[in-house]
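Everything on this sheet refers to the single structure shown next.
Every read-out reported here was derived from the displayed coordinates using simple, explicitly stated rules and does not represent laboratory data. The structure presented is a predicted model; accordingly, all values stated were derived computationally and were not measured. Every residue, glycine among them, receives a Cβ derived from its backbone with ideal geometry; neighbour counts consider all protein chains shown.
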Amino acid sequence: MNAILERLAGVAQNPYEYVKAWKQEHGGRAVGTLPMHCPAEVIHAAGVLPVVLQELADPITSGGGAFFPFFCGYTRSLVDQATEGKLDFLDAISFTDHCVQLLSAADVMRIARPQIRIHFHQLIAALDEACSLENSVGILHSMATDLEETLGVTITEDDLRASIRLFNENRQLIRSIYDMRRSGSIRLRATQMQHIVKSSMIMDKQEHNALLRELLPQLQQAGKPPRDALPMYASGHLCHAPRPEILDLIEDCGIAIIDDDLYHGYRYVSTDVDESIGDPILGIATAYLNKNDNAPCPTRLAPHTDWNIWLRDKVTECGAKGLIVLLAKYCEPHYFHYPRIKATFESNNIPHLLIETEHEGIAMENLRTKVESFAEITKRRQ
Amino acid sequence: MSAVTEKEPVVKKANRLQVTKLNNKMVNQYWEDLFHAKEQGKLVCWTEGIQINPILQAADIAWCHGEAAAALMAARKESAVPQAHMETLGYDRELCSYARTHIGCGILNQSSTVEAQTLLDVDGRTLGSKIPPPDMIISAYPFCSTGQQWDNEVYRTYGKKVPIFNMSLSWTWGNKPSAKYMSGPEYRENVAFLKKQLQDCIRFIEGITGKPYDWDRLTEIMTYTKKAAELRLEAMQLCKARPSPASFFEWTNSIAPVNFLPGGPEIVDYFAQKKAEIEARIAQGVGSVPVEKYRLWWDGIMNWNKIGWLSDKFAGYDACMVAGRYTHMGFWQEPQVIDVRDPLDGMAQNYLTCPISISAPQVIEKIIEHCEFYEIDGLILHAARTCRAFSYPQFMIADAVGKRLGLPVAMFEGDMVDETFYKDEIVNSRVEAMLEAIDASRARMR
């Protein structure tokens with residue numbers, strides 16, 4: 001078990017090294033994607049390795065001369081990666097998310113690094129409109145066509161179906177780990193869970209699935225751990241992963257994160273594509289529009305979904321005693337929703353703690369005091 | 001005690017156009033009409049982003065444009081209260097300040113507590129306290145996802161009980177060789193999609209009013225709007241003259257007629273008068289600033305708290321801010337494509353070519369065109385802290401104009417309606433450094 005987890009952690013910690021090695025080993029090509037809704041199945045169906053580009057912990061250097069410091073850490077890191085030439089191993093970038101900061105970063109990246117072909121196909125953010133499905137289908141077709149032209153390949157419906165099957169299996173395997181973790185039958189630290197999900201964003205899905213299939217029985221055999229820590233739900237941190245040291249600090253304060261809706265967590269695997277839908281592009285578009293029911297996203301517009309209410313119910317269902325909101329500084333969609341989440345948890349008397357993170361890091365000892373106090377308060381309220 | 005008498009510094013002020021008073025009168029009348037719209041039996045729509053007001057006007061619906069409301073509150077020094085209230089509720093001050101001001105008013109207006117009403121209704125005169133609540137919301141924001149989320153927040157602030165129509169404006173990425181400004185398959189697809197959504201929006205409006213849409217009225221309104229836009233562009237281009245008869249600040253003061261005022265003969269007459277005053281100034285050799293030593297470009301959205309103040313500040317530097325991205329590249333900036341008999345396609349084209357609807361490569365080309373046309377000496381890049389949509393390409397703009405035109409730039413942070421982000425001494429030192437660079441460059445040329 002530890003060997004597999006270490007392998008996944010290694011990929012999560014050095015994502016681009018894995019991709020470079022994979023390209024060399026397979027003689028294949030890699031296409032970067034940007035979070036959070038780009039259907040990587042379409043890229044995979046082109047016969048290349050889709051890679052969700054990650055925030056790197058490296059300090060922002062040359063990128064700081066190309067992009068303002070009041071953008072989120074993820075986009076600043078992306079621009080820096082491009083200006084530093086750290087993304088030159090990619091054969092293209094393809095993304096679909098309409099986020100002003102993400103689009104801004106991509107626009108800067110393509111000027112800073114014109115040798116990397118960057119495609120943007122805007123998936124409609126308004127999920128409930130009459131035109132949403134038709135538009136999404138059209139956009140996904142354009143995305144596939146552009147990939148075909150750039151890569152000189154043909155994407156068939158069978159290619160898409162095979163990719164969908166592979167990705168569905170991956171999501172199901174990770175969700176089954178979530179189920180076990182939520183029920184208390186296994187104990188995985190939040191950092192280990194992050195490594196599992198983050199490595200899935202990077203690795204060849206076949207290889208990842210094989211590792212997960214091996215890992216699952218080993219996790220079960222490891223037995224039920226004592227549940228002496230305070231169970232907690234972690235929410236937020238869109239687009240990029242919260243730093244492992246923050247998750248470790250939280251859990252070192254007597255807390256166990258048992259469930260989450262983090263992008264580098266449950267959000268990434270929340271929704272499968274319905275394989276019974278004959279047209280695979282229609283299936284992917286439908287999954288995109290339905291995904292918000294399984295993990296409400298503040299970057300999408302879905303009037304019938306309330307993230308704050310959904311979160312309250314999820315926290316209660318999983319048996320967590322409270323909520324930790326991880327908010328990346330300058331993330332405007334999250335800023336819009338946080339006050340509503342705060343109000344809902346206060347009115348339902350469920351403890352919650354806001355932790356704002358920054359690319360440059362945060363004062364960890366201050367955070368420790370904050371988390372310890374939060375844990376104490378939560379225990380007293382029980 | 002020394003008997004030396006210090007000489008009073010010469011204070012130079014911008015030479016403001018007389019016609020601006022007419023603009024202010026029209027703006028005041030618009031807000032008065034909006035405040036009393038419900039008494040007149042009108043429905044009220046809250047909207048942000050592109051200028052969909054002609055569509056609403058044709059259906060006899062009153063409208064509150066969120067940015068316009070926030071900007072006017074800032075200009076009247078009334079924006080701090082709703083912003084502070086939002087912060088107490090947990091809304092971070094790094095969020096779009098337009099949104100914080102507008103939503104803050106919505107929240108305070110809904111609250112019947114004495115505290116809320118006292119906060120909002122300082123002296124019983126504030127704009128925020130008089131804006132009628134929405135009967136519908138239409139979200140139509142170009143490029144900026146925050147704009148859509150702002151409307152979503154307004155929708156939730158009103159308990160999800162007010163009908164909302166979400167328009168999605170596609171950003172023309174323009175990566176293919178076929179992609180040019182206002183042409184290419186990607187652009188045409190995006191125009192077609194927006195046109196379809198405008199048609200859907202009109203059906204949404206019909207559903208609420210229960211009346212068939214008055215397309216003839218839209219044609220009439222767009223005829224006035226198109227004519228006003230043409231006159232505005234003609235008048236702007238006259239400012240190529242030396243000294244420039246009007247400044248960017250004068251065009252900022254005249255945004256309302258091409259942004260949210262009703263389309264009618266008044267806006268045509270306004271720009272006709274403005275053009276005539278500009279022509280008269282050219283004939284008399286009168287400039288917008290007392291001494292025009294430098295001709296500058298303002299890049300970025302306006303700092304609404306400080307229009308008059310900035311106008312005088314640059315006049316004091318003998319600098320005329322001749323043109324800018326905000327004013328010269330937006331607000332019915334391409335009127336020639338509007339067929340008033342069938343206006344939706346042309347309207348969509350204008351919406352999709354506003355300065356945040358086009359991506360950086362095209363923005364840079366357009367800015368270079370303008371800088372060459374107006375014979376600009378340097379660029380002021382106002383990085384609006386909470387308008388990331390406007391600010392993000394500024395490093396690329398600075399680089400491009402430096403390399404291609406040899407122009408110096410001065411970059412500083414500020415904001416649209418949150419004046420706490422503005423640091424005056426930083427502005428002074430950077431502007432002075434840039435003007436010195438222009439002087440040095442001129443000296444080398446001699």
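Computed from backbone phi, the HN-Hα couplings of the stretch B:134-147 come to x, 9, 7, 10, 10, 9, 8, 9, x, 6, 7, 5, 4, x Hz, rounded to whole numbers (Karplus: 6.51 cos²θ - 1.76 cosθ + 1.60, θ = phi - 60°; Gly and Pro given as x). 3J(HN,Hα) along the stretch B:15-29: 9, 6, 6, 5, 5, 4, 4, 5, 4, 4, 5, 5, 5, 4, 5 Hz, from the Karplus curve 6.51 cos²θ - 1.76 cosθ + 1.60 with θ = phi - 60°, whole Hz, x for Gly and Pro. Residue by residue along A:137-143, Cβ atoms of other protein chains within 10 Å of the local Cβ number 1 on average. Estimated from the Cβ-Cβ distance and a Förster radius of 22 angstrom, the FRET efficiency linking B:A280 and B:F373 is about 0.50. For the pair A:R380 and A:A222, label points projected 7 Å from Cα toward Cβ lie 3.4 nm apart.
Are there trypsin sites (Lys or Arg not before Pro) in the stretch B:143-233 that DSSP puts in a loop and that have at most 10 other Cβ atoms within 10 Å, and which ones?
Values: sites: B:R156, B:K160, B:K161, B:K180, B:R188, B:K195, B:K196, B:R203, B:R217, B:K226, B:K227, B:R232; in loops: B:K160, B:K161.
Taking the stretch B:143-233 and a limit of 10 other Cβ atoms within 10 Å, the loop trypsin sites (Lys or Arg not before Pro) found are B:K161.
Dipole size of the protein assembly as shown about its Cα centre, with +1 on Lys/Arg Cβ and -1 on Asp/Glu Cβ: approximately 860 debye, rounded to the nearest 20.
Taking 0.36 nm per residue of sequence separation and removing the Cα-Cα distance, the B:R203/B:E230 pair yields an extension gain of 6.8 nm. Solvent-free Debye calculation, one equal scatterer per alpha-carbon of chain B: log10 I(q)/I(0) at 0.08, 0.10, 0.14 Å⁻¹ equals -0.46, -0.72, -1.43. Helical runs (DSSP H, four residues minimum) scored at -39500 (n - 2.57) apiece and divided by the length of the protein assembly as shown put the mean residue ellipticity at 222 nm at -16500 deg cm²/dmol. Taking 7 Å steps out from each Cα toward its Cβ at B:K12 and A:V153 produces label points 6.3 nm apart.
Taking 20 °C and 1.002 mPa s as conditions, the protein assembly as shown diffuses translationally at an estimated 76 µm²/s according to Stokes-Einstein applied to its Kirkwood radius (Cα pairs). By the Kirkwood approach, averaging reciprocal distances over each pair of separate Cα atoms, the stretch A:127-191 gets a hydrodynamic radius of 15.1 Å. Evaluating kT/(6 pi eta Rh) at 25 °C and 0.890 mPa s, with the Kirkwood radius of the stretch B:59-108 over Cα pairs in the Stokes-Einstein relation, gives 222 µm² s⁻¹. In this simple spin-label approximation, B:R76 and A:I309 carry label points 7 Å from Cα along the Cα→Cβ vector, and these lie 3.6 nm apart.
Only Lys, Arg, Asp and Glu carry charge here, each on its Cβ (+1 for the first two, -1 for the last two); on that basis chain B has a dipole of about 580 debye about its Cα centre.
For the peptides B:129-141, A:16-28, A:193-205, the ranking by mean Cβ contacts within 10 Å, running from highest to lowest, is A:193-205, B:129-141, A:16-28.
Taking the charge dipole of the protein assembly as shown about its Cα centre, with +1 at Lys and Arg Cβ atoms and -1 at Asp and Glu Cβ atoms, the residue from B:V162, A:A229, B:L22 reaching farthest to the positive side is B:L22. Within the listed set B:E250, B:E425, B:E189, the residue fluctuating most in the Gaussian network model of chain B (springs between alpha-carbon atoms under 10 angstrom) is B:E425. Averaged over peptide B:161-173, the number of partner chain Cβ atoms lying within 10 Å of each residue's Cβ comes to 4. Are any of the pairs A:K86/B:K403; B:K275/B:K423; B:K21/B:K293; B:K12/B:K77 more than 31 Å apart by Cα-Cα distance, and if so, which? The answer is B:K275/B:K423.
Using the Cβ-Cβ distance between B:M445 and A:D274 with R0 set to 56 Å, the FRET efficiency works out to roughly 0.25. Net charge near B:I282, counting Lys/Arg +1 and Asp/Glu -1 over other residues with Cβ under 11 Å of its Cβ? Local net charge: +2. Here the stretch B:240-367 is treated with +1 on each Lys and Arg Cβ and -1 on each Asp and Glu Cβ, and its dipole about the Cα centre works out to around 460 debye. Phi-derived couplings, Karplus 6.51 cos²θ - 1.76 cosθ + 1.60 at θ = phi - 60°, listed residue by residue for the stretch A:298-303: x, 7, 9, 10, 9, x Hz, with x used for Gly and Pro.
Stretched out straight at 0.36 nm per residue, the stretch from A:L133 to A:D179 would grow longer than its current Cα-Cα span by 13.5 nm. Per-residue mean of foreign Cβ neighbours for A:99-112 is 6 (Cβ atoms of other chains, 10 Å radius). Taking a ≥ b ≥ c as the square roots of the eigenvalues of the alpha carbon gyration tensor, the stretch A:14-155 is oblate, as a/c is not under 1.5 and a/b does not beat b/c.
Normalised by 2.2 N^0.38 Å, where N is the number of residues, the C-alpha radius of gyration of the stretch A:1-58 stands at 1.22. All C-alpha to C-alpha distances of chain A, sorted into 20 Å bins beginning at zero, yield P(r) values of 28, 61, 11, 0 percent in whole numbers.
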